[in-house]
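Written out below as C-alpha cells is the structure these notes cover.
Each reported figure results from applying straightforward, stated rules to the coordinates on display, with no laboratory input. Predicted model, so just to flag it, every value in this text is computed and none were measured. Here Cβ is always computed from backbone atoms with ideal geometry, including for glycine, and neighbour counts include all displayed protein chains.
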Amino acid sequence: MRVIHVAPTPFGSDGLFGGGERYPLELARALARHVDCELVTFGTTAGRRRNGALRLTTLPAHGHLHGHPAHPLAPSLPRALVGADIVHTHHMRSTPSGVAALTARVRRQRAVVTDHGLQGSDWGGLLPRLFDRFLTVSSYSARELGAPATRTSVIYGGADPDRFFPDDRVSRRGILFVGRLTPHKGVDRLLQALPAGAELKVAGSLGHDPQLPERDYPLLLRRLAEGRDVEFLGPVPETLLPVLYREAAVLALPSVHRTCYGREIRVSELLGLVALEAMASGTPVVCSRVGGLAEVVQDGITGFLVEPGNVEELGGRLEQVLTDRSLAARLGRNARELVVERFSWEACAQRCLAAYTKLLGPTGQTTTARAADA
C-alpha cells in the first residue's frame, strides 16, 4: 500500500507550529512504520528528506491564493501524487486538498481527508463529494464538517508516550497553558481564575490579531497578570515541551465559545493535541467542555471539564488539583493509561489503516493506482 499525505503548510520554523501542521506529520510518521508513506507539503524551494521511514517532500509554491498560507499554488502537485493507492489530504478547504482530490478522482485513486478546522468555500458542496472517506479527529469534527456517517471514521489523534511520559523524580508545581494566545483560547479567563499563590506558565506566541480590539489582547493578558506569579515563555522549542508537561501539576485549557470581546466562536477545539500530550505525561487536565476536548478528557477520571467562560468553576477545579496531591496523582495515572491504550499515534495509525483497507480491499492496492504508477 502506498499512501501520500498532502498538507498545505509544514510543521516547524519553515511553516507553522500549529496542531493542524503537527497532526499530518505525526500521523504520517506512525503510518510509515507499516506502509510506504510520504508527506507532501509546500515551501519556497523544493526539497526531499527522510524522517525515519517517512519521506518528506516539499513542493515549490508559486504564490498563495489570496495570500493565505493554507492556499499554496503548486503546479507540480498532480505529478507528485502519481502511484498513490491512497491520497490523504489535510484541511479539506485548502487549495492543495481540492487539487489533490480532483487529481485522485481523474486517476481513480482513493481520496480521504482529515479536516483541522480551516474555514472557506466547499465549492458549492462539490468538494466533499470528491472524497471517498472522511477520517475525522473527533465526533465533534465530523458533525461540524457535515461528513456523511456512512463515509466517516473517527480516528482521533495522539501523543507519543515514549516522548511524553511522567518522571517521578521531578517535583510538580503550578499550572501550565500551551497554545496560541488568541482570545478564543480563554487565557484571560485563566488569569482571572488563577488560585491565590498559584504559579502559571504560559507557553505560546503573543501574536497580534489584525482585528480590533483583538489585536490588543496581549496587552490585556499582561495587565491581568500583574502582581501574579505568571511567566510568559513565548514559543518554546519542541525539546522543551515534554519537560514543561512533566514539571506541571495541571494543564489548563480554558477555551471559550464567546471571547472577552463578545465574538462568537463557531468551531473550537476539534481535538486538543496539547491535552493528549499532557495526559501522556501523567499530567491532569482541567479544560472547557468544548468541541472534541470532552471526547478525550474524562471528567473526574483523567481531569475535569468546566463550563466555558466560568471563571469560578475553572478556579475551583484548578485549586482542587493543586491542593489534593493524591487526587492529582490518580488523575495523572489514569490519563497516562488512557493515552497509551487509545490515544497514541500508533493507535491512531491503526484506525487509519483499517479505514484504508476497507477502501482498497484485501489486495491493499487499487488496479487504477498500479496503472498510474506504470
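Here are the numbers:
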{"quantity": "Table column - 3J(HN,Hα) (Hz), the stretch 270-275, Karplus curve with 6.51, -1.76, 1.60, x for Gly and Pro", "calculated": "4, 9, x, 4, 4, 4"}
{"quantity": "Residues with amide H under 5 Å from that of V154, placed H, sequence gap 5 or more", "calculated": "T136"}
{"quantity": "Charge context of G300, other residues only, Cβ under 11 angstrom, K/R +1, D/E -1", "calculated": "+1"}
{"quantity": "Residues whose placed amide H lies under 5 Å from that of F304, excluding near-sequence neighbours", "calculated": "V285, V286, C287"}
{"quantity": "Dipole magnitude (debye, nearest 20) for the stretch 151-264, charges at Cβ of Lys, Arg, Asp, Glu", "calculated": "260"}
{"quantity": "Extension reserve of the D299-R215 stretch, reckoned as 0.36 nm per residue once the Cα distance is removed", "calculated": "26.9 nm"}
{"quantity": "Highest-fluctuation residue, L271, L126, L293 considered, GNM on the chain with Cα pairs under 10 Å", "calculated": "L126"}
{"quantity": "Interchain or long-range residues, amide H under 5 Å from D36's placed H", "calculated": "V3"}
{"quantity": "Once the Cα gyration tensor of the stretch 175-342 is diagonalised, semi-axes √(5λ) in Å", "calculated": "24, 17, 16"}
{"quantity": "From phi via Karplus (6.51, -1.76, 1.60), per-residue ³J(HN,Hα) for the stretch 66-77 in Hz, x at Gly/Pro", "calculated": "6, x, 8, x, 7, 10, x, 9, 9, x, 7, 4"}
{"quantity": "Least to most buried among D36, D168, D188 (fewest other Cβ within 10 Å first)", "calculated": "D168, D36, D188"}
{"quantity": "Formal net charge of residues neighbouring P284 (Cβ-Cβ distance under 12 Å; K, R +1; D, E -1)", "calculated": "+4"}
{"quantity": "Between 0 and 90°, nearest 10: helix 19-31 axis offset from the chain longest Cα axis", "calculated": "60"}
{"quantity": "Per-selection metrics, the chain (Cα): Rg and Dmax in Å", "calculated": "20.9, 67"}
{"quantity": "Using θ = phi - 60° and Karplus 6.51 cos²θ - 1.76 cosθ + 1.60, couplings along the stretch 122-136 (whole Hz; Gly, Pro as x)", "calculated": "10, 6, x, x, 6, 4, x, 6, 7, 9, 6, 8, 9, 10, 8"}
{"quantity": "Tail beyond 13 Å, pair distance distribution of the stretch 316-360 (Cα, percent)", "calculated": "66"}
{"quantity": "Net charge of neighbours whose Cβ lies under 13 Å from the Cβ of Y23, counting Lys and Arg as +1 and Asp and Glu as -1", "calculated": "-3"}
{"quantity": "Highest-MSF residue in the chain out of G186, G197, G47 [GNM, Cα springs under 10 Å]", "calculated": "G197"}
{"quantity": "Calculated [θ] (222 nm, deg cm²/dmol) that DSSP helices of n ≥ 4 give over the chain, each run adding -39,500 (n - 2.57)", "calculated": "-10000 deg cm²/dmol"}
